[in-house]
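The next block holds one structure in the form of structure tokens; read it before the comments.
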């Protein structure tokens, strides 16, 4: 159906030419799903744009062909390409929030392909759009068709986009991270929908994702991309269960598994090579524990069994697994119940008024009443010294608000907060000095959490100076210690935030929280913005610090598997309420609350029983 | 929508009340003595006192303000201290002439400016775009009064096609009337075109690079449909606000232009009343300009709301 | 275990200086330098009346000709440069000094402070700038420093609005939460965390405001409400030359072109600086 042959794409940028794709060859067979997997910078989205003939003006294609039904998309004229797009090839983008035109009705946007490719009248196209919306599982298709994008939730928008891509009955559907912006339960619904459509319509799909769990659920075949090259390609289950290329091994080992507690995750050291000047040998060699002298030579895709692997030692590495460092973690797991908790929260409640009774729309219905939400609804929680309490929930469940309310960065409406034995909920902000030193926070977004105008030395020195923890002369030494603690070299002290990678910034964020020698840290989605391999390293660092310093965490994440890996106890939040809390093992293996069960069943996994593709998760379309 | 309009209207009224206080406050409180300003420095204290009594300047300030504002609402704008005739009719005449000038200029600015902006955006980075950019740079950099003088030198002194200044009513013949309008209009359009076209250009470029335009391309829509149906609607939204702002700038622009071309409109009246210390006229004229400006802004807000579904239908809670 | 690299050089290559910025620096710098050196490099006295040299067209002695009092136009132009630039810069500094604290306070504290300050700005912005300037100047005898003050006053609201919108976005950044989480004082957060990040867009805006201020100030001088004769303020020069457009257009054209050049120079400077703004800030301020 779609065959990509020796495709190389370069982008002209201010800093020089970047080779986004190097000689990539792929085939998507009719009626099957091919997944393209890779971390950021792997070039996977460039493939989607190239296949649609939508590469931006700065892109150059020095070599390659993209054959769709035998015709080369790259060389055909613009008009022929346009005829193909939307009519025989559909594309679904990652971010449902920005790819819908804000000033056109959903129905018009879903149906417009029909007007231009099939000669429908706008009215007929609109009527067909309603049918399509119905087909993708939207409950009130007429009303949604008349709605504007901002009135819909993310899941509904993604459904509408899929409906639009299907309108002219394309043979090939290219999906670029279609579920990344969505919550897991919605993601599960969309994946089921796609699988259903593939079966019913005999669609061919190219599915691009960074999430191996998602890929396992949807794809027949998978191609793993690294730094613009395919490093491994084969049947999905084969590749995910018995990876051969070192990168694939590392990627899989870095993913925390639910229900299997490990001491530490495997992390892939190093970072992507500079694509302005990619190495001629194996691009993964600098990060590869199995690298041999031969790795510096150009690597070709070799057949290993049924699959293709770009590694000269592939055959030898077939059954070797990624080295996992099992640091014995018997340490500080002392009897925690005996000591007094470091954090105690009782009946904590916080609500926000969203609108004071003006006209508003709920979905598409007009409602006129005061609207308030209660993201923290009578929550009680304790955290013991050195304990990690995981807090999971989907977007809007109130987990971030809870974390910040405990630290009094958001003022609670009612409830009691005790930190290190001190009741802090009734004190004015000016009397929180002691608490501010004991309880700290690590943020989600490494770009936003470090002041871009300050050096790392200033960033880390300030908390020490602020609380007078060291004499002024000793502060540089203390900063060096902190950098060492988060495993950054001392010369980083003179860098600014923009001179570091995301993972490094997150390390600085952790070091800043540690600067005041706290007993308790709220970790607010500390790894969600990072690639899997970097995420593993940060999770390991947090685990090490807990063991070494005995600091307790409230670890907030939407990613249950990360929480399951790190936490001693897990709390599940839903609509501001804590629906379940208990030891991690118990929550993961024997959840009792229906919402927890639903959440866990929706998580796409890379292990466990194979392909439960038809699992149905109760829908709740409108957010 | 109705609630929105009511709210906006109430806000306009509030702004106008505040502006009237400001105008009145500045003109009444700051100067040491208005009577002195009127009579000149040779006036005797007796003359000054008599005039103060006549003008009610010995009353408490708030009484003076209420009297003035009350008069304004009932249509009595006071009496010009210089001309000794009611401000109202004089102002009305000036407004008509000025609106004629600004109205024609505004329509031209809107049409040409938006047109140039879109043309430049669609040829982003190509010669036409660069040409328009350079031209608009000049438009922004050149002071209006200098434009006016260049127009006079070229069209009046050198070519002799147009009169250098003045105004003829339409009763004196359409061509006579139009001839006197061309030069000031030309100057106003030159000076204000750049702003609109630059903004339209950048907003259009931003929209053309947005993900939903890529998505529209991915649907294989013809480029014409993408530009007209998908892009223009969103790109012109900020332009609406800017056009209203520019109408206000035009109302400022006429001050200079009408002075240079000796065009007897609102702007010249303002300068004239300042030069001659005619406070009632000055107060009324500035308040009227503020009112026109506020109404233009209101209109823009309503148009914006009309074309922006996010405002039209409130916001989603999700 | 050292999971992440320590070697890779992370500093991205510095972008070359945009052409606009170079051109802007060259033009503005030259005019500024000429203006500052005017008393020493002016070929003739700028204010000596000489009836014998009236209305001379540009020639070898008087490069830009002479005016109705026989004064050398070039010398007056050079002396006027410092007035124009000085007026524009002084006015802008004044509006920064008032507008930035206003905007910081409004954006950080929100609530009624924000409401009050921004409604005040709305009221001031409801009057076209030139009329507001006229209003302020109407009641006092004209002088150039008063014009500068009036112009500065007129441009407080836009500066305050920009400062507010920058502060609003910055106040939501996580590093502000981090500062709160270590109990930093409000003044530390405002002046040590927010302000250093707010400067780049404010300075770019201010540089563009200088051009508006120069144009507005010269328009007020042109209307007789700024510099007074025999000053060689460019706006005033053009105004005085109006009566002689037929006979001696160079008297008006010279200061006119000089002003265009200056404004273009500063505009290029501002736009070039905007290009070089931290892209993150640029993205965030895209809509501001």
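Kindly state, to the nearest 0.05, the FRET efficiency for residue A:548 paired with residue A:352, given R0 = 45 Å and r defined as their beta-carbon distance.
So the FRET efficiency works out to roughly 0.70.
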Exercise. Roughly how large, in nm² to one decimal, is the mean projection of the convex hull of the alpha-carbon atoms in chain A?
Worked result: 29.7 nm²
Problem set entry | Centroid-to-centroid separation of segment A:499-517 and segment A:287-315 [C-alpha atoms, Å] | 35 Å
For this session: In nm, give the distance between the simple-model label positions of residue B:206 and residue A:589, each being 7 Å from the Cα along the Cα-to-Cβ direction.
Result: 5.5 nm
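Considering Cα pairs under 8 angstrom that are at least six residues apart, work out the relative contact order of chain B and quote it in whole percent.
Relative contact order for chain B comes out at 25 percent.
Using Cα pairs closer than 8 Å and at least 6 residues apart in sequence, work out the relative contact order for segment A:17-99, in percent. Spell out each step's value before the answer.
Values: 34 pairs, mean separation 18.0, N = 83.
That works out to 22 percent.
Figure the gain on full extension for residue A:465 and residue A:494 (residue separation times 0.36 nm, minus the Cα-Cα span) and round it to one decimal in nm. Walk me through the numbers on the way to the answer.
Values: separation 29, 0.36 × 29 = 10.44 nm, distance 1.77 nm.
Length difference between fully extended and current span is 8.7 nm.
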Problem set entry | Descending principal axes extents, segment B:99-276, alpha-carbon based, whole Å | 63, 31, 31
For this session: Distance between Cα centroids, segment B:86-115 to segment B:149-190: provide it in whole Å.
Result: 16 Å
Exercise. How high is the relative contact order of chain A, in percent, counting Cα pairs under 8 Å that sit 6 or more residues apart?
Worked result: 15 percent
Seminar exercise, completed: From DSSP H assignment alone, runs of 4+ in chain A each adding -39500 (n - 2.57), the sum over residues rounded to the nearest 500 puts [θ] at 222 nm at -9000 deg cm²/dmol
Exercise. What distance in nm separates the simple spin-label points at residue B:170 and residue B:299, each placed 7 Å from Cα in the Cβ direction?
Worked result: 1.7 nm
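FRET efficiency for residue A:280 and residue A:58, Cβ-Cβ distance as r, R0 = 35 Å, nearest 0.05?
Working: r = 24 Å, r/R0 = 0.70.
Rounded to the nearest 0.05, the efficiency is 0.90.
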Exercise. Tell me, what is the FRET efficiency for residue A:380 and residue A:65 to the nearest 0.05, using R0 = 45 angstrom and their Cβ-Cβ distance as r?
Worked result: 0.10
For this session: Between residue B:58 and residue A:607, with labels modelled 7 Å along Cα→Cβ, what's the label distance in nm to one decimal, could you check?
Result: 9.9 nm
For this session: Using 0.36 nm per residue of separation minus the Cα-Cα distance, give me the extension gain between residue A:238 and residue A:303 in nm, one decimal.
Result: 22.0 nm
Problem set entry | Rounded if a/c under 1.5, otherwise prolate or oblate - segment A:100-169, Cα gyration tensor axes | prolate
Problem set entry | Set of segment C:236-257 residues, backbone N closer than 17 Å to the point 7 Å along the Cα-Cβ line of residue C:59 | C:248-251
For this session: Any chance you could give the angle, 0 to 90 degrees and rounded to 10, that helix B:87-122 forms with the longest Cα principal axis of chain B?
Result: 20 degrees
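Can you tell me how much longer the chain between residue C:186 and residue C:97 gets when fully stretched, taken as 0.36 nm per residue apart minus their C-alpha distance, in nm with one decimal?
Values: separation 89, 0.36 × 89 = 32.04 nm, distance 1.94 nm.
Here the answer is 30.1 nm.
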Seminar exercise, completed: Using alpha carbon centers only, segment B:8-29 is separated from segment B:194-228 by a whole-angstrom value of 40 Å
For this session: Treating the angle as unsigned and between 0 and 90°, give the value, to the nearest 10°, between the Cα long axis of helix C:129-138 and the longest Cα principal axis of chain C.
Result: 60 degrees
Seminar exercise, completed: Output row, site residue A:3, 7 Å Cα→C-beta label point, backbone N cut-off 12 Å, window segment A:44-83, residues A:65-72
For this session: Starting from the Cα gyration tensor of the protein assembly as shown, take the square roots of the eigenvalues, sort them a ≥ b ≥ c, and report rounded, prolate or oblate (rounded when a/c is under 1.5, otherwise prolate if a/b is larger than b/c, else oblate).
Result: prolate
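Does chain C come out rounded, prolate or oblate, given a ≥ b ≥ c as the square roots of the eigenvalues of its C-alpha gyration tensor, rounded meaning a/c under 1.5 and, failing that, prolate meaning a/b above b/c? Present the calculation step by step, with values, prior to reporting the outcome.
On the way: a/c = 3.41, a/b = 1.78, b/c = 1.91.
Since a/c reaches 1.5 but b/c is at least a/b, the shape of chain C is classed as oblate.
None of the figures in this text is laboratory data; all of them are computed from the coordinates on show. None of these values were measured; they are calculated from a predicted model. Methodologically, a virtual Cβ is constructed for each residue, glycine included, from the backbone with ideal geometry; neighbour enumeration extends over all protein chains shown.
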